[in-house]
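Notes follow the structure.
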Amino acid sequence: MIKNKFNKMQRYKQISDILRKYGFSMIAEKLHNKGIIKKVFFKRSSKLSEDFSKPERIRMALEELGPTYIKLGQLLSTRYDLLPENIVEELSKLQDNVSVFPWEMAEKIFIEETGLNIEEVFLKFDKTPIAAASIGQAYRGTLKSGENIVVKLRRPNIDKIISRDLDILETIAGILDDYLVKKNVVRFREVLNDFSITINRELDYTIEAQNYENFRETFKDNNNIIIPKVFWKFTTKKVIITSEINGLKISNIKEINNRKYDKEKIAFNIAKLYMEQVFLHGFFHGDPHPGNLFVVNEDKIGFVDFGIVGYLDDESMKLLILLLRSSVHKNSDKIVEVLYKMDSIPKETNLMLFKRDINYALNYYYNVPFDKLRFSDALNDVLRIAFKHKVRVPSQLILLIKAIITIEGTGKRLNPRFNLTDVSKDLLEEIRRDKLSPKKIFKNTYNTIYDGLDDIKEIPGMLNNILYKIDKDKVNITMNHEGIDEIKRELNTVSNKLSISLIIAAIIIGSSTIIQSKTGPEILGMSGIGLIGFLIAGIMGIILALSIIFHSWGNKK
């Protein structure tokens, strides 16, 4: 326990030094003010803040802070709805540069997790890693059964490192939220929560293995896609073994050219397969960068690394398609309505200005020639408008936008004339046929009737329960009136002021009577008691008048 606290304290010191180094003293000082870091840890800020722009310093700081922060930066690299455009574009340059951990550590992890030695499982095993990432490291080998496979092993203690960093990030997110409370509707704590869920799922290779299985089952009848097979016998939270795809990485353009593959066809097939994942099946590969895509031949594309997967439920899918349809028909009112249903528009958003910007974007892209339209530009503009008007964008939609932008970029690398809209036309027709197919209509109708029958079965029991409670006088009706407390306060204030006014009037009338009757001792030839009464009434009247004036000013504000 003491060792963990000491390690965490050291990490706080390291983070504060890096923040100061890159000119973010405000955050470091806030950490100090919370009693987390002692002043002795602080060093003076370097001159980096003078030599580099703010976006560059943010990227450089994240790179120096390590894997957790790099991954967070990559997640933010499409958040035009959360961060200014110049920062988002700089974060897109973040690279997962990590060192390779020794083979001895890798072998130890494999033995501890599977209970087997390397020689017991593999016919051949290449001890030189083929890839090293922030979460794990990959190797190539051949099983005793003769199947070529890829082994991915989780980095030693990476779960503890990430857990520690997430705790610290929670403090930093709180500081940023307090600092930017009036500037952002989206809270950094919310972003951190999504990031925490994502990265913790990546740490568990059994979740990734299940994602492989789901995709294999979904695309089992599709001859254009290859999803590796998982060897569950050797798969644990820290180890995953999958079959190897015998193909070329999409990023290996030179070899693709050497084999004289039709790059235009490959780009089209990649995009089509991906859009099918999204719009036909409702779940999609969350990180389709070129390193995770393989060309087996012109007609077959392989997908690997399913650590991040996006899901769209039926309701989200309906809203997404409705959003796209509204965009096609340039219906800004419908777009706003859909966003309201998604609980994305805050109260402070100026709807008139929001609709104006939407209309401008719709008209601009509507007039762009179909073959010149870039999905990435359009989607980024959507996020920029969201940022400007503080509109919340659901995390799954953000993941989808990021993935589509990546796919379009990959297509452009293969074929400069590639356009995602060409794929969309064919896919939209396929979606229409799929939705109107007799099999799909029958399935949806059957499910609706089946669910309806279950609801109907419950109605008699629910009615019986209600009637029983009515009969036994056990039904309580509670009504909540919005604003009733405010009305109560106002009535209470008015009644008090009215009471004081009546008291003042009574004192004045009584004092007048006493003065006329000349009762009691005299002051200046008049009844002293009467004069005191007038004085009290005057003071009370002034106080009452001032309270009315101040109350009126308060309501105007």
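Laboratory data are not the source of any read-out in this text; all were calculated from the coordinates shown. What you see is a predicted model, and the numbers here were worked out from it, not measured in a lab. Glycine also receives a Cβ, built like all others from the backbone with ideal geometry; neighbour counts cover every protein chain displayed.
Structure above, values below:
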item: Simple label model, 7 Å out from Cα along Cβ direction - K497 to D343, nm; result: 4.0
item: Amide hydrogen neighbours beyond the local backbone of D299, cut-off 5 Å, H modeled; result: none
item: Theoretical FRET efficiency, 1/(1+(r/R0)^6), r = Cβ-Cβ of K355 and D51, R0 45 Å, to 0.05; result: 0.60
item: For the stretch 126-136, 3J(HN,Hα) per residue [Karplus equation, 6.51 cos²θ - 1.76 cosθ + 1.60, θ = phi - 60°, Hz, x = Gly/Pro]; result: 8, 6, 8, x, 8, 7, 10, 10, 5, 8, x
item: FRET efficiency, E213 to V296 (Cβ-Cβ, R0 25 Å, nearest 0.05); result: 0.80
item: Radius 14 Å from Cβ of N246, net charge of other residues (Lys, Arg +1; Asp, Glu -1); result: +2
item: Phi-based couplings in Hz for the stretch 262-277 (Karplus 6.51, -1.76, 1.60; Gly and Pro marked x); result: 7, 5, 5, 5, 4, 4, 5, 5, 4, 4, 5, 4, 6, 5, 5, 4
item: Calculated FRET value between R417 and I253, using beta carbons and R₀ = 22 Å, to 0.05; result: 0.90
item: Across K93/K152; K265/K334; K93/K388; K21/K254; K254/K402; K160/K388, pairs whose alpha-carbon gap is larger than 31 Å; result: K265/K334; K21/K254; K160/K388
item: Segment Y364-M317, length gained on full extension (0.36 nm per residue, minus Cα span); result: 14.4 nm
item: Residue exposure sequence - K388, K144, K152, K249 - by fewest surrounding Cβ within 10 Å; result: K144, K388, K249, K152
item: Cβ-based exposure ranking for Y261, Y12, in which fewest neighbours within 10 Å come first; result: Y261, Y12
item: Neighbour-count order for S499, S134, fewest beta carbons within 10 angstrom listed first; result: S499, S134
